[in-house]
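Colleague: One structure, as C-alpha cells, below. Some questions next.
Read-outs: derived from the displayed coordinates by stated rules, not from any lab. This is a predicted model, so every value here is computed, not measured. Here the Cβ positions follow ideal geometry from the backbone for every residue, glycine too, while neighbour counts run over all protein chains shown.
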Amino acid sequence: MPYQKFQPESLMMSFGHQSGMARGAVKAPVYQTSTFAFETAEEGKDFFELAYGLREPVNGEAPGMIYSRLDNPNLEILEKRLSLWDEAEACAVFSSGMAAISTTIFEFLKPGDVLLYSSPLYGGTVHFITEVLTRYGIQVLPFYYHQQPEDILRQLNAKRQVQRVAMIYIETPANPTNRLIDIEAMSTLAKTLSTEDRQVLTVVDNTYMGPLWQHPLQLGADLVVYSATKYIGGHSDVIAGAVLGNKEMVERVKGLRTFFGSMASPYDAWLLTRSLETLKLRMEKQTRNAQRIARFLQNHPMVERVHYLGLLTEADDDQYRIYQKQCSAPGAMLAFEIRGGEKEAFTFLNNLKLIKLAVSLGSTESLAQHPATMTHAGIPEDVLAEMGISEKLIRLSVGVENVRDLISVIEHALEKAAEVREAEMAVS
C-alpha cells in the first residue's frame, strides 16, 4: 500500500523521519545546531549552488543542509507533515504568525500596489496592514463580509485602483466575529483582476479553522497562512507561523525568510511536530465542547447574541451557504454579546474559574478575552463599530476540559454579571 495513501492523522507519527536517520530513534531528535559540516569542498559548492539557485537540480537532487537559518532537519520534517493537511506542494514555517504574514506580504507586494483585505482581521494584522505597509507606498483597502465581488469591483473602479490590486488578503472566519468570506468568490475576483503580466494573489489566514475544518487551497486560494501558535501548536508553549501553497510561491517566501531570519528554531519545530500527532484529537474534542457551550449561551437570558458557525441556519442566508460550502465543522471559536456593556463583560471575565483570562486561542486550555480592549485595542472606535466589535463582545477559545465543568463556570460568571446589571438598573 502506498505510504501517501494513509490519512494525515496517521502520517503525523512518522512522515518525513526514518529511524535509521537517527540511530534507530522512533521520534526525530532535536537537531540543535546552527551549522552543518560538508563531507568535501565539492559537496559544499553543490549545496550552495542549489541553495542560491545558481543551477537547476539534476535527477531529483535536493539542497543539503548548510545553516539553520536556511533549513534544519526539524524544520524540514515539520514542513513536510504540515503540507499533508492542506494537500500543499510546499510549506514554510516561521518564528511567529506575524512573521509568516509580514514576510509573505512583503515578498509579493511593492510600492504602488493595492492590498484588498477583509475586515475584521486579527488586531495585529490590521495594525501591520494599516500602519506599517502604508509607510512603504502600499495602499490598502478594506472590504466587509456582506460585500459581493461585484460591489468590491465597483469600489475599485470608483477609486481607479483596478489595475493596481496585487493581493486579496482574507481571514475567514473573521477574528473575533466569526464572519465568513467566500474564498472561492474572492479567488475568482483575483483572477478577474489579473492580467497576463500581473497575477493577483488570494491569501487566506486559516488560523481559526486550523488545518482540519477548512482547506483554502482547494477552494482556489494561492497561499494559506497560519498562526501555528494556535491549534497547530495547541499547548500555549510555542510561538510560530506557517505559509503553504505551490512550490514556486513558497520558495519565494522562503527566500525572503532566509534574509529576514524569521524561521522557526529547531526546538520550536520539534515541539510543533510533537503537537501534530494529537491535532485531530484535540480539535475534534474542542469542537464538540464548543457546540455544547454555544447552545447553552444561546438560551441564556444574559446573552444577546452568539457568534458561532455551528448555530448558523438557512435563515442566515449567505453566511450559511458559505459555511456549508467551505467548512467541514464549526470549530471551537465563539464570541457572544453580553447584555449591558463593558462593566458586565468585565464582571463576567473577572468571575471565570478554570477558564483563563488571556489572549491567544486554539490551545488545550479554554481562554476568554475582551477584543475591544485587548486584541483589537489599537483600532479606532469607528472602525471597531464597522467590524461589529463592541464593548459587550466576549471571545471564547474552547479547550479540551470537561464540558460540564466549562458550562458550570460560564453560568456562574454570567450570574455575577447579571447581579451587576440588576444593581445598575435599580439605581437608574
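Colleague: Volume per residue, Å³, of the convex hull around the alpha-carbon atoms of segment 1-59?
Modeller: Numbers: hull volume 10.2 nm³, N = 59.
About 172 Å³ per residue, rounded to a whole number.
Colleague: Tell me the GluC sites (Glu not before Pro) within segment 111-184 that lie in a loop according to DSSP and have at most 11 other beta-carbon atoms within 10 Å. Present the calculation step by step, with values, prior to reporting the outcome.
Modeller: Details: sites: Glu131, Glu150, Glu171, Glu184; in loops: none.
Filter output for segment 111-184: empty list.
Colleague: Right, something else. Measure of size requested: the Rg and Dmax of segment 188-341, with Cα atoms as the atom set and Å as the unit; please supply both.
Modeller: When restricted to the Cα atoms of segment 188-341, Rg and Dmax are 18.5, 57 Å.
Colleague: Find, among the trypsin sites (Lys or Arg not before Pro) in segment 36-142, those assigned to loop by DSSP (not H, G, I, E, B) with at most 11 other beta-carbon atoms within 10 angstrom.
Modeller: When the trypsin sites (Lys or Arg not before Pro) of segment 36-142 are filtered for loop state and at most 11 Cβ neighbours within 10 Å, Arg55 remain.
Colleague: If you rank Val200, Val253, Val162, Val427 by fewest surrounding Cβ atoms within 10 Å, what's the result?
Modeller: On the way: Val200 22, Val253 25, Val162 14, Val427 6.
Placing the least packed residue first, the sequence is Val427, Val162, Val200, Val253.
Colleague: Now for a separate question. Rounded to two decimals, what is Rg over Rh for segment 258-395 when you use alpha-carbon atoms and the Kirkwood radius? Could you put the intermediate results ahead of the total?
Modeller: Numbers: Rg = 17.5 Å, Rh = 17.2 Å.
With Rg and the Kirkwood Rh in hand, the quotient comes to 1.01.
Colleague: So, one more: How many percent of DSSP beta bridges within segment 69-276 run antiparallel, rounded to 5?
Modeller: In segment 69-276, approximately 35 percent of DSSP beta bridges are antiparallel ones.
Colleague: If I fit a long axis through the Cα atoms of helix 279-298 and take the longest principal axis of the Cα atoms of the chain, what angle between them do I get, 0 to 90°, rounded to 10?
Modeller: Here the helix axis deviates by roughly 20 degrees.
Colleague: OK, next. Which whole number of Å³ per residue matches the convex hull of the alpha-carbon atoms in segment 139-261? Before the final figure, lay out the partial values.
Modeller: On the way: hull volume 15.9 nm³, N = 123.
Here the figure is 129 Å³ per residue.
Colleague: Give the separation of the Cα centroids, segment 378-408 to segment 127-150, in Å.
Modeller: 24 Å
Colleague: Now for a separate question. Would you please calculate the Kirkwood hydrodynamic radius of segment 316-428 over all C-alpha pairs and express it in Å, rounded to one decimal? Intermediate values should be presented prior to the final figure.
Modeller: Working: mean 1/r = 0.0647 Å⁻¹.
Mean inverse Cα-Cα distance, inverted, gives 15.4 Å.
Colleague: Kirkwood hydrodynamic radius for segment 48-120: how many Å is it when counted over pairs of different Cα atoms? Don't jump to the answer; show the numbers that get you there.
Modeller: Working: mean 1/r = 0.0663 Å⁻¹.
Kirkwood hydrodynamic radius for segment 48-120: 15.1 Å.
Colleague: Along each principal axis of its Cα atoms, how long is segment 116-195 end to end? Whole angstroms, biggest number first, please.
Modeller: 32, 29, 19
Colleague: Nearest 0.05, what FRET efficiency do Gln18 and Thr134 give at R0 = 56 Å with Cβ-Cβ as r?
Modeller: Values: r = 48 Å, r/R0 = 0.86.
After rounding, the FRET efficiency stands at 0.70.
Colleague: Taking just the alpha carbons, could you work out the radius of gyration and Dmax for segment 69-276, both in angstroms?
Modeller: 16.2, 50
Colleague: Let me ask another. How much length is gained if the chain between Gln148 and Arg69 is pulled fully straight, taking 0.36 nm per residue apart and subtracting their Cα-Cα distance, in nm to one decimal?
Modeller: Working: separation 79, 0.36 × 79 = 28.44 nm, distance 4.22 nm.
Gain on stretching Gln148 to Arg69: 24.2 nm.
Colleague: From the mean inverse distance of alpha carbon pairs (Kirkwood) and the Cα radius of gyration, derive Rg over Rh for the chain.
Modeller: Details: Rg = 22.8 Å, Rh = 22.9 Å.
Radius of gyration over Kirkwood radius for the chain works out to 1.00.
Colleague: Given a cut-off of under 8 Å on Cα pairs at least six residues apart, what relative contact order in percent is computed for segment 279-427? Numbers along the way, then the final one.
Modeller: Numbers: 230 pairs, mean separation 43.2, N = 149.
Worked out over segment 279-427, it gives 29 percent.
Colleague: Based on DSSP, what percent of beta bridges with both residues in the chain are antiparallel, to the nearest 5?
Modeller: Values: 23 of 43 bridges.
About 55 percent, rounded to the nearest 5.
Colleague: Two decimals is fine: what is log10 I(q)/I(0) at q = 0.15 Å⁻¹ for segment 385-428, from a Debye sum with one equal scatterer on every Cα and no solvent?
Modeller: The computed values of log10 I(q)/I(0) come out as -0.60.
Colleague: Please give the FRET efficiency for Glu89 paired with Asp197, using the beta carbon to beta carbon distance and R0 = 30 Å, rounded to the nearest 0.05. If you can, show how the numbers build up before the last one.
Modeller: Working: r = 24 Å, r/R0 = 0.80.
Between Glu89 and Asp197 the formula returns 0.80.
Colleague: Using alpha carbon centroids, what distance separates segment 178-205 and segment 296-367, in Å?
Modeller: Rounded to whole Å, the Cα centres lie 28 Å apart.
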